[in-house]
1. Since residue B:266 meets every condition but one in (1) within 27 Å of residue B:153 (Cα to Cα); (2) modelled with pLDDT of 80 or more, which condition does it not meet?
2. Against the conditions (1) crowded, with 19+ Cβ neighbours inside 10 Å; (2) modelled with pLDDT under 90; (3) more than 22 Å from residue B:183 (Cα to Cα), where does residue B:81 fall short? Just the number, please.
3. Which of the helices (runs of 4 or more DSSP H) found entirely inside the range B:65-144 contain at least 1 residues meeting this: closer than 30 Å to residue A:170 by Cα and away from chain A (no Cβ under 14 Å)?
4. Just need a number here: residues in the range A:215-234 that are over 17 Å from the mean Cα position of the chain (by Cα) and within 22 Å of residue A:270 (Cα to Cα).
5. Please work out which residue is modelled with the lowest pLDDT, limiting yourself to the range A:122-142 and to residues that are surrounded by fewer than 17 Cβ atoms within 10 Å (Cβ to Cβ) and not in a helix (DSSP H, G or I).
6. Looking only at residues in the range B:3-23 that are within 29 Å of residue A:133 (Cβ to Cβ) and exposed (fewer than 12 other Cβ atoms within 10 Å of the Cβ), which one is modelled with the highest pLDDT?
7. Tally the residues that are within 10 Å of chain B (Cβ to nearest Cβ) and either crowded, with 16+ Cβ neighbours inside 10 Å or part of a loop (DSSP other than H, G, I, E, B) (or both), restricting the search to the range A:13-22.
C-alpha cells in the first residue's frame, strides 16, 4: 500500500472575474500520477502556481478531484475523507492560523482538542515539541506577539502534535531564517526516520531544501509532473551533458536567443548583471563550447569566467522547462 | 530526538465534547484578555439605551417601558453576537486559515460550531448581565416574576433557537463570503426594529409580528416581558405557552438547518474550491 497514490488526477477551476462574464477554466492539475511509499520523505518541487498547493489540498480532502483518483494510505479522498482525516495533518508556510489573543501553548492545546488528545498528554507533548524547536520560552507568549518565523515554528509544532501517519508540509520553511529553517529540516528528517509508518510530503520551491531533505522529488510545473526520482538520479540524468556557469562582458536578450541556435545547445538562462551577463547553460557536451566561444567573439563579448559544474536540481528544472524557476514565477500568474 | 510523550486519541462523543470546549475557550478567555468589549459592547449600547429611556420619559410612557428598554438592551448583545461573532465567524476563520485546519481534523464541524456558540453565549451573557445590572441600578427598574421556571425555559429555548440560527447563518455567510460583511450590516438595524427590542412587537399587527417571529428573539423577549412585568401579558403578542411551543420548533428547525447547511457548505466548498481560494 502506498502512503499517497494518484492516478490520472486532474483538478480544474472555473473562474469568473465578474458575474456577467463567462467562466474560464484553469487547469491546476493535469493527469498527475504519483506514488509515495510509506516511510518516505517525498518532495514536490515547482515554482509558485505550479499546482503543488492544489495537490496538497486534494490529498488533505480540502478539494475534490475533477478527474482521476487520489488515495492516502489506501483511502479514497473523495469517498473516505473522514477516515483520511484521522491519519493526516498539514502545515502551510506563512499560515496565520490560531487566535492572536491565545498564547502559543493555548493555541496548540486548542488544536489537539479537535483530535481528541487528552489535555494532560497534549500539554506534555506541547512542551516537548516547543523545546525541540527552541520555542519553550515563548510558550506563554500571545501568538499575536510572535515574529513570522516564531509563528511558523508554532505552526510546525501543531502539525506534529497529533502524530499523523502522513504529514503534508506546504512550503514549511517559508519566512524562517536560515538557522531556524535548518533546525526544522533536521527535525523533520528525524521524525520520518523514527518510525517506518510515517510519511511526509513536502512542497517547496527551494532547490536546496528538496535536495537536502527528500528521498525522492517530483518536479511539477503547470499542473504536470515532469520528472520523479531521487535528487541524485535526477541530477545524473544530466551527466552526459555539460552544465556551465559563464560570465560574459555583454550579451543582451536578443543575442541570447541567437545563441540558443548553436548546435548542441540544450537549455539555458541569462541574467543581466552590472559587469555584463551571467549564463547558466546546459550543453550537449564540452565540444559545444568551441561554437559558443566563437559566437560570443563574433558578438564582441568576452568571457570573464567559465566553469563547468555539477548539475543541480535547478539545472534539471531548466532542462525540463526551458526556464529557471524564478523566470517561471515572474511570468506565471498565481 | 524521538518524541517521549505518546498521545492517544479519543473519538465519538468525547471527541465532540473536547472540540466544543476547545473551540469555546478562545471566546471565554477573550472576555478576560481583550477588554475592548467594555467600550464597544457595554458603553456604546448603554448610550443607545439611555437615549431610548429619555425618549420614553419625555413621552411620559408607562414606567414599565423603561424596563422594556433595559431588557431589550441586554438582549441586543445576543443579536449582535449572532451577527458579528457567530454568523460571520466561519468566513473569518476561512480568511485566517483556521477553517481548512478545522475541516481536515477528524472532529465534526457541528462540534466546532457548538464550541463557537457556547463560547459566544458565555461571553455575551457576561455583557448582557453587566448591561442589565447597570440599567436596573440607574433607572430603578422593578420586576415581578410570575414563574422562574417558565422564565428559565423561555431563556434557554430562545438561546437554543437563536444560536441555532447563528450556526445556520455561518454556513450560508461562507457560501456568499464576499457579501458576509454587508449581509450582517443589512440584518442589524431592521431586525432590531421588527424584533421589538425596545417596545412590544404587537404594535406592528399580527402578520408583521408573526413574520418577525422567525428571529427567535422576537418571541423570546415578548415572553420574557410577559413573565417579568405586570402589564406584559396585556401587551404580549401570543400567550407564553404558544411562544414556548414556537420557540421549541424554531430551536429544532434551526439546529437541523445548521447541520444541513454545514454539510452543503462543505460539499460545495470542496467541489468548487471555495474553502481556500488561493491557487498554488
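The values are calculated or read from the model by the stated rules, or taken from the named source; none is laboratory data. Nothing here was measured: the structure is a model prediction, and the numbers come from that model. Here the Cβ is made from the backbone with ideal geometry for all residues, glycine too, and neighbour counts use every protein chain on show.
1. Going through (1) within 27 Å of residue B:153 (Cα to Cα); (2) modelled with pLDDT of 80 or more one by one, residue B:266 breaks only (1).
2. (3)
3. Numbers: elements: B:89-96, B:98-104, B:109-139.
Per the criteria, B:89-96.
4. 0
5. Only one residue fits best here, namely A:134.
6. B:8
7. If we filter the range A:13-22 for residues that are within 10 Å of chain B (Cβ to nearest Cβ), which is where we start, we get A:13-15.
Subset that is either crowded, with 16+ Cβ neighbours inside 10 Å or part of a loop (DSSP other than H, G, I, E, B) (or both): A:13.
So the count comes out to 1.
Yes or no, residue by residue, for (1) on the phi > 0 side of the Ramachandran plot; (2) at pLDDT 95 or above; (3) assigned to a helix (DSSP H, G or I):
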| residue | (1), (2), (3) |
| --- | --- |
| A:111 | no, yes, yes |
| A:117 | no, yes, no |
| A:144 | no, no, yes |
| A:150 | no, no, yes |
| A:167 | no, yes, no |
| A:175 | yes, no, no |
| A:182 | no, no, yes |
